[in-house]
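Everything on this sheet refers to the single structure shown next.
The values are calculated or read from the model by the stated rules, or taken from the named source; none is laboratory data. Note that the structure is a prediction, hence the values are computed from the model and not measured. Note that we place each Cβ from the backbone using ideal geometry, even for glycine, and neighbour counts take in every protein chain shown. For accessibility, only protein heavy atoms count, side chains too; no ligands or nucleic acids. Shrake-Rupley method; radii C 1.70, N 1.55, O 1.52, S 1.80 Å.
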Amino acid sequence: MTSFGILFRKELHATFTSPIAYTIGAVFLLVLSYTFSLTLFATKVANLNYIFHQIYVLSILLVPALTMRAFAEERRTDTLELLLTAPVRELSIVLAKFCAALVLMIGIFAGTLAYAFILGLYGEPDWGPIYAGYLAVTLNAGLLVAIGLFMSCLTENQVVAAALSLGVFLMLWFADSVAYMLPRPLDLLAISLSLIGHFKPAASGSVFLSDIGYFVTVSLLALFLTVRRLAER
């Protein structure tokens, strides 16, 4: 087995044996189940658009709690130095942590497939926007996890790591809201960096390559910065 495979199994075990993972999953599914039931009975509309936006908000609020321990805890306990001196590449370490956290998020999202099943059983939903919505929340989760890992590698304090992650997420969320106060070309840059601006079209069923490129590019940039940060230690 490759070093990445060994590290990935280790991170998966650490992730799925942590009470934080089950707490996040429980909060996600409880809130989403309440929203789905309430909205379905109130509107009787067979779509999951509101669920995808609820997932977007919950991801921003809860992913910092998932990623805050990734490197901060290992730096505090000095186990990161042992890991970095082992015959493994920094890239393998970062990708293992990234994939393990993303697998957890996708597992949580998979629990919401029950809502799509219910809609298909009792109604005639448009499946195109539902497929696009799940793509959007997955890409969004990947971006948030990647940024969260980078914030975690900057400090050994978990609370600080979570606060930094949440701060960056909120700045990306509301980037387009301050665009009108900025001169050109900074206003266009703020609009281009807007998280909700790229998430909303895909969650509504309109998938554009520019939006996919945004999520992939920012995720790769965050992972690259994390690898470089580890390489400097």
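Can you work out the accessible area per residue across the stretch 108-153, with the rest of the protein chains kept in place, probe 1.4 Å, in square angstrom? Working shown, then result.
Details: 1750 Å² over 46 residues.
Accessible area per residue, the stretch 108-153: 38 Å².
Report, in deg cm²/dmol and to the nearest 500, the calculated mean residue ellipticity at 222 nm for the chain, where each DSSP H run with n ≥ 4 adds -39500 (n - 2.57) and the sum is divided by the residue count.
Working: 12 runs with 184 residues, N = 233.
Here the helix-only value at 222 nm equals -26000 deg cm²/dmol.
First select every other residue whose beta carbon is under 14 angstrom from the beta carbon of LEU135; then total the charges, Lys and Arg +1, Asp and Glu -1. Don't skip to the answer; put the middle values down first.
Details: positive: LYS200; negative: ASP211.
So the environment of LEU135 carries a net charge of 0.
Please report the projected area of the stretch 178-233's Cα convex hull averaged over all directions, in nm².
Values: hull surface 20.9 nm².
With the hull built on Cα positions only, its mean projection is 5.2 nm².
Short version: what are the Cα gyration tensor semi-axes of the chain, square root of 5 times each eigenvalue, largest first, in whole Å? Can you show the working numbers first?
Values: eigenvalues 199, 103, 47 Å².
The three semi-axes for the chain are 32, 23, 15 Å.
How much of the pair distance distribution for the stretch 13-67 lies past 20 Å, counting alpha-carbon pairs only, in percent?
Values: 490 of 1485 pairs.
The answer is 33 percent, as a whole percent.
With axes computed from alpha carbons, what is the tilt in degrees of helix 49-67 against the longest principal axis of the chain, rounded to the nearest 10 within 0 to 90?
Roughly 20 degrees between the two axes.
Find the relative contact order for the stretch 109-225 and round it to a whole percent, using C-alpha pairs within less than 8 Å whose residues are 6+ positions apart. Before the final figure, lay out the partial values.
Values: 107 pairs, mean separation 41.9, N = 117.
About 36 percent, as a whole number.
Hey, any idea what % of the stretch 51-172's accessible area is carbon plus sulfur with a 1.4 Å probe?
Ligands and nucleic acids excluded, carbon and sulfur give 69 percent.
Using alpha carbons only, how many angstrom separate the centre of the stretch 96-139 from the centre of the stretch 159-191?
So the separation of the two Cα centres works out to 27 Å.
For LYS200, list the aspartates and glutamates whose Cα falls under 18 Å from its own Cα; do not include residues on the same chain fewer than 8 positions away.
ASP126, ASP176, ASP211
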